[in-house]
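K.L.:
Input: one structure, supplied below.
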Amino acid sequence: MIEDELIKIWQSSSNQKRIKWEKSKLMIELQSSLKRLHRWWNYLELSETLLAVFGVLLSTLLFFKIPFILTKIALALMIICAVYLIIKYRGVKKYQPSDLEENYLNYLKNNKEYLQVQKKFLITYLYWGILPVYPIMLLFTISIWEKIPVYLIVFINLATIGIGLYGYLLNKNRVKKEINPRIDRVNELITTLEQ
């Protein structure tokens, strides 16, 4: 009964009111979606930062425990790489828009820029997340070549390659399923609001 009344009210309302209602519905849905994405990004940043800090602490401990020069060089490079990754993740955060924008259109444009920065960040993971680590792992492997069993060296290198490949594919999937659809929705809403 209530549904029928709502349908009648909807049909009797003017097109202008319907468009306003559709816009507000799109705004609410998009804002909810963006908030979820922002929470996910904060979680990702926090977990990656904690892992990098753990890597720095572990590398620092091993740096003072292991006497071999090549290993010390590899560990020092790993510390530099981990600090670089922390700075890189923090750099994306400066693009995050605040909820207190002058108007909704500016808020959407700033969100679009933030999403594009996240997309670029995740797509370029190969260059800043994988390629710097592999030469360091190669140097580390060379430094411990005759000191530990070969199967352990193979395991370390395969684990490094596997983790890098997993991260690359995961980021590619996140861009495809999380970032790109939201960019499209933001573009759609910006177009609708500018009309």
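The values are calculated or read from the model by the stated rules, or taken from the named source; none is laboratory data. Since the structure is predicted, the reported quantities are computational estimates derived from the model, not experimental observations. Please note: Cβ atoms are built from the backbone with ideal geometry, for glycine as well, and neighbour counts cover all protein chains shown. With ligands, DNA and RNA removed, areas are computed over all heavy atoms of the protein, side chains included. Shrake-Rupley method; radii C 1.70, N 1.55, O 1.52, S 1.80 Å.
K.L.:
If you take the residues in segment 120-134 that are assigned to a helix (DSSP H, G or I) and either at pLDDT 90 or above or among the aromatic types (F, W, Y) (or both), which one is farthest from K65 (Cα to Cα)?
P.N.:
The selected residue is K120.
K.L.:
On to the next question. Touching a Phe, Trp or Tyr at 6+ places or on another chain (Cβ under 9 Å), closer than 25 Å to L126 by Cα and not small (G, A, S): which single residue out of I79, I86 fits that description?
P.N.:
Residue meeting the stated conditions: I79.
K.L.:
Being over 22 Å from G162 (Cα atoms), out of contact with any Pro (no Cβ under 9 Å at 6 or more places or on another chain) and not charged (D, E, K, R) narrows it down to one residue among Y89, Y125, Y95, Y114; which is it?
P.N.:
Y95
K.L.:
Would segment 38-56 turn up any residue that is loosely packed, with under 12 Cβ neighbours inside 10 Å and part of a loop (DSSP other than H, G, I, E, B)?
P.N.:
Taking every residue of segment 38-56 in turn, none turns out to be loosely packed, with under 12 Cβ neighbours inside 10 Å and part of a loop (DSSP other than H, G, I, E, B).
K.L.:
What about T60, is it under 18 Å from M137 (Cα atoms) and either acidic (D, E) or surrounded by 16 or more Cβ atoms within 10 Å (Cβ to Cβ) (or both)?
P.N.:
Criteria not met by T60.
K.L.:
So, one more: Which condition does L26 not pass, out of (1) over 24 Å from I183 (Cα atoms); (2) modelled with pLDDT under 85; (3) surrounded by 13 or more Cβ atoms within 10 Å (Cβ to Cβ), if it passes all the others?
P.N.:
L26 satisfies all of (1) over 24 Å from I183 (Cα atoms); (2) modelled with pLDDT under 85; (3) surrounded by 13 or more Cβ atoms within 10 Å (Cβ to Cβ) except (1).
K.L.:
In segment 166-190, how many residues are without any contact (Cβ under 8 Å) to a residue 12 or more places away in the chain and either among the basic types (K, R) or under 22 Å from I130 (Cβ atoms) (or both)?
P.N.:
Of the residues in segment 166-190, 6 are without any contact (Cβ under 8 Å) to a residue 12 or more places away in the chain and either among the basic types (K, R) or under 22 Å from I130 (Cβ atoms) (or both).
K.L.:
Give the number of residues within segment 138-149 that are part of a helix (DSSP H, G or I) and either under 14 Å from Y168 (Cα atoms) or without any contact (Cβ under 8 Å) to a residue 24 or more places away in the chain (or both).
P.N.:
Looking only at that region, the number is 2.
K.L.:
In this structure, is K94 open to solvent by 50 Å² or more (accessible area, probe 1.4 Å), over 30 Å from L57 (Cβ atoms) and of a type in the set (K, R)?
P.N.:
Values: open to solvent by 50 Å² or more (accessible area, probe 1.4 Å): yes; over 30 Å from L57 (Cβ atoms): no; of a type in the set (K, R): yes.
It is false that K94 is open to solvent by 50 Å² or more (accessible area, probe 1.4 Å), over 30 Å from L57 (Cβ atoms) and of a type in the set (K, R).
K.L.:
Here's a check for you: in segment 57-75, which residue that is without any contact (Cβ under 8 Å) to a residue 40 or more places away in the chain and outside any helix (DSSP H, G or I) is farthest from the chain's Cα centre (by Cα)?
P.N.:
Among those residues, the one meeting the criterion is P67.
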